[in-house]
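This report concerns only the one structure given below.
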Amino acid sequence: MGGFGIGTGEFAIMGLMPNVAADLGISEPQVGHLISIYALGVVVGAPILAILGARLFRRQLLILLMIFYALGNVASALASNYQSLLFFRFIAGLPHGAYFGVAALVAASLVSPDQRAKAVSQVMMGLTLALLIGNPLATVLGQSMDWRYAFGFVGAVSLLTVALIALLLPKDPSEQRHSALSELRAFNKPDIWLALAIGAIGFAGMFAVFSYLAPTLLEVTRVDQGWIPVALVVFGLGGFVGNLLGGWLFDRLQFRAVGVILIFSASILGLFPSTTSYLPALLIACFLTALMVALGPALQTHLMDVATGAQTLAAASHHAAFNLANALGPWLAGLAITAGFGWQSTGYVGVATALTGLCIFLVAWRRSTPESVAEPQADAAR
């Protein structure tokens, strides 16, 4: 439920981009800045709140983070102008990454080691259900009434999550907690930073396409705005499947799964621009592009393997990295659109970011191979 609320809050504005632009008297690329500022809030808030909450039990931290998220979205619904909405979207983004990171650690601690990626993907299922159900619902709500009701809905879901966690998540008095200083010391590892860089850059392409999907449908495909929720449902279905696929792939291929997903992503994003003039082809492309969500549980589980002693901070930072992608993708796509390359150029922006992410993966993969580990050890022995 928490993942569903956060995912709906993060993505709702993408389906309501034309509505927000018309109501506030701004351009659609400016609405894209609202997406980016939320993502920046996640980037800033995830490590800070994870460090500040390191001494709390994870159950307590989850409750506090969801109360914070509810307040940020209610404030967004009440924003009086573009500047105040920018500020409140930044505030709403602050608890996002820490919540998902802690929730993933709680889930992984409840299952055997060979089921961790599957458990993480089940937590992330709330996020993909937001793409499948929450975002289209918020879009219909915003189109039929007012875009502000979408954020009010998110605030209500967040408060429901607080109640459910308090009632249903068991306390674990034996849970090990770390000091903020020990987490920071353990966090300073190249393998952690490389994994975060893959997420921050390699995943940006999905957000480049998704953020400008609504105006692409209206301006390029030239369909009625009633098709926007349909396209969002198709995108959400792809995200739902991709999330489960990512956990399944990692349990079988381990870190190699990340490279497979990035190669697939670059291929699909390269085909996206050629589908934008024909609605059935565009809907298929939406589904295939959303399969990129598979990168989430794969990288999250890999971080659990390489972030010994700093798992809370690394898990939260994973979502900070993905929201850096959420900021980077719309920003780069906005630059391409403003430069006159057209709405469909978002796909080419995505290809560039996916291939860059693949290059970073190859560096990380080289470091993780037995040969690369054995060579420094042999040098040290000599």
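Would you confirm whether any residue within the stretch 50-58 is in contact with a Leu (Cβ under 8 Å, 6 or more places away or on another chain) and modelled with pLDDT of 85 or more?
no
Considering only the stretch 170-187, I want to know if a residue exists there that is closer than 30 Å to H33 by Cβ and modelled with pLDDT of 75 or more.
No: zero hits.
Going through the stretch 261-290 one residue at a time, which ones are within 30 Å of R58 (Cβ to Cβ) and either open to solvent by 20 Å² or more (accessible area, probe 1.4 Å) or in contact with a Gly (Cβ under 6 Å, 6 or more places away or on another chain) (or both)?
Within the stretch 261-290, A290 is the sole residue that qualifies.
Output the residue which, of all residues in the stretch 146-164 that are small (G, A, S) and touching a helix residue (DSSP H, G or I) at 6+ places or on another chain (Cβ under 7 Å), is most open to solvent (accessible area, probe 1.4 Å).
By that ranking, first place goes to G152.
Report the residue count in the stretch 315-344 for those that are small (G, A, S) and touching a Pro at 6+ places or on another chain (Cβ under 7 Å).
4
For the stretch 130-145: of the residues being of a type outside the set (S, T, N, Q) and surrounded by fewer than 22 Cβ atoms within 10 Å (Cβ to Cβ), which is farthest from the chain's Cα centre (by Cα)?
Restricting to residues being of a type outside the set (S, T, N, Q) and surrounded by fewer than 22 Cβ atoms within 10 Å (Cβ to Cβ), the top hit is M145.
Quick check on the stretch 219-243: of everything there that is part of a helix (DSSP H, G or I), open to solvent by 30 Å² or more (accessible area, probe 1.4 Å) and out of contact with any Phe, Trp or Tyr (no Cβ under 9 Å at 6 or more places or on another chain), which residue is farthest from L335 (Cα to Cα)?
Top of the filtered list is F240.
Within the set of pairs 6+ apart or on separate chains, which have a first residue in the stretch 354-365 that is in contact (Cβ under 8 Å) with a residue 12 or more places away in the chain and closer than 15 Å to R256 by Cβ, a second that is of a type in the set (S, T, Y) and surrounded by 20 or more Cβ atoms within 10 Å (Cβ to Cβ), and C-beta atoms under 9 Å apart?
G357/S265; L358/S265
Can you go through G259, G329, G296, G350 and tell me which one is modelled with pLDDT of 80 or more, under 19 Å from the mean Cα position of the chain (by Cα), more than 25 Å from I35 (Cα to Cα) and of a type in the set (G, A, S)?
G259
Of all residues being of a type in the set (S, T, Y) and within 19 Å of I337 (Cβ to Cβ) in the stretch 5-56, which is surrounded by the most Cβ atoms within 10 Å (Cβ to Cβ)? Just the residue, please.
Selected residue: S36.
Being part of a loop (DSSP other than H, G, I, E, B) and open to solvent by less than 50 Å² (accessible area, probe 1.4 Å), is that true of even one residue in the stretch 351-365?
no
The values are calculated or read from the model by the stated rules, or taken from the named source; none is laboratory data. This one's a predicted model, so the numbers in the text were calculated from it and none came from an experiment. Using ideal geometry, Cβ is built from the backbone for each residue, glycine included, and neighbour counts are taken over all protein chains shown. For accessibility, only protein heavy atoms count, side chains too; no ligands or nucleic acids. Shrake-Rupley method; radii C 1.70, N 1.55, O 1.52, S 1.80 Å.
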